[in-house]
1. So what's the chain giving for Rg/Rh, alpha carbon basis, Kirkwood Rh from the mean inverse pair distance?
2. Semi-axes of the equivalent ellipsoid of the stretch 36-84: what are they in whole Å, largest first, if each equals the square root of 5 times a C-alpha gyration tensor eigenvalue?
3. Per residue, how much accessible surface does the stretch 151-242 expose to a 1.4 Å probe? Answer in Å², no decimals.
4. Which whole-percent values make up P(r) of the stretch 84-175 when all C-alpha to C-alpha distances are grouped in 10 Å steps starting at zero?
5. Please report how many Lys pairs in the chain have alpha carbons closer than 22 angstrom, counting only residues at least 8 apart along the chain or sitting on separate chains.
6. In the Gaussian network model of the chain, springs joining C-alpha atoms below 10 Å, which of GLY112, GLY65, GLY235 carries the largest mean-square fluctuation?
7. At 1.4 Å probe size, what's the solvent-accessible area of PHE187? Round to the nearest 10 Å².
8. In debye, nearest 20: dipole of the chain around its Cα centre with unit charges on the Cβ of K, R (+) and D, E (-)?
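The values are calculated or read from the model by the stated rules, or taken from the named source; none is laboratory data. What you see is a predicted model, and the numbers here were worked out from it, not measured in a lab. In this analysis, Cβ positions are derived from the backbone assuming ideal geometry, glycine residues included, and neighbour counts consider all displayed protein chains. Calculation scope for accessible area: heavy atoms of the full protein, side chains included, ligands and nucleic acids excluded. Shrake-Rupley method; radii C 1.70, N 1.55, O 1.52, S 1.80 Å.
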Amino acid sequence: MLFRQLFDQVSGTYSYLLASRRGGEALIIDPVIEKVDRYLQLVRELDLKLVKAVDTHLHADHITGLGALRDRTHCITVMGEQSQVDVVSMRIAEGDRLTIEGISLDVLYTPGHTDDSYSFRMADRVFTGDTLLIRGTGRTDLQNGDPRQQYDSLFNKLLKLPDETMVFPAHDYKGDTVSTIGEEKQFNPRLQVKSVEEYAALMNGLNLSNPKMMDVAVPANMRQGLAQEQVAARGWAVSAADAKALVGRSDIVFVDLRERTERERHGSIPGAVHAPYPALQENLAPGGVLHELSAATGKQLLFYCAFGERSAMAVQAAQDAGLAATRHIHGGMDAWKKCAG
Ligand SMILES: [Fe+2]
């Protein structure tokens with residue numbers, strides 16, 4: 001496995017680049033916008049294809065690199081379903097798996113620092129965001145934080161992992177890079193409490209000042225969505241209401257770009273072809289299923305995904321590949337489900 005722990009000195013943020021092999025798909029956790037050039041250079045040097053950019057939660061101390069990475073690599077942006085961000089490509093929840101080629105992370109909902117905090121677990125390590133830090137825990141006084149929820153996330157989820165599990169947090173301000181669950185249980189001063197009440201009293205008594213960047217970072221991080229209006233202005237978008245009237249039409253093929261788990265949870269459009277977004281370039285190239293489907297039948301491809309981000313990028317890619325008869329459903333399955341009828 002390729003594993004890189006990358007550091008932003010200004011905010012004390014750790015970002016993690018993961019891939020199963022050179023030349024393969026890559027995933028990045030908690031990227032920082034100022035470091036995007038560095039990440040992309042590393043991605044090129046290691047001959048990787050960045051397919052997912054994930055934030056453990058909505059950050060208050062730096063601006064996320066999610067939007068910039070999506071704009072520059074067309075990767076999928078991922079956050080938890082509770083997150084206040086306007087649009088991400090994909091939302092995840094407790095029990096999901098976050099997957100790329102050769103790597104699968106268990107998704108753990110670990111609220112408390114914020115109400116949208118997640119941790120991601122592999123066999124030997126866990127990425128804990130700001131839920132569990134090295135010899136500390138993330139503050140619980142901002143962004144719908146809750147010390148009682150955090151106690152539950154810590155004691156009933158993260159600390160139940162095997163003691164040897166490596167802990168990789170989103171921040172460190174002392175220069176520590178990694179710990180283990182067993183070490184944190186024993187030496188983390190915040191975890192030496194006997195009850196949820198004691199933990200809540202400890203956290204509520206911290207009296208911390210607000211992060212320097214907070215007034216800038218939080219609003220910026222809530223607006224990460226791709227501007228789907230540009231795609232609409234070119235005539236490549238169909239509203240969910242109009243798309244419903246197109247179901248069953250013989251000249252149109254609905255193409256679902258989501259992953260299997262998203263289809264299982266949120267349902268699908270009857271008759272849609274399933275062509276997950278990470279394989280889009282292959283599918284659009286001559287000989288690929290979407291290219292041949294379009295060429296052989298002359299049908300219009302109508303892409304859709306969860307919120308319209310992947311499908312908007314897919315329309316652009318299809319147009320670039322010479323498939324002029326392609327559009328997408330503006331707002332994706334989310335808009336489809338909100339649209340009555
Ligand atoms: Fe945070």
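1. In the chain, Rg relative to Rh is 1.01.
2. After diagonalising the Cα gyration tensor, the semi-axes are 21, 12, 8 Å.
3. 56 Å²
4. Bin by bin from 0 Å, the calculated values are 16, 48, 31, 5.
5. Lysine pairs satisfying the spacing and distance rule in the chain number 14.
6. Its mean-square fluctuation being the largest, the pick is GLY235.
7. Probe radius 1.4 Å; accessible area of PHE187 about 110 Å².
8. In debye, rounded to 20, the chain gives about 540.
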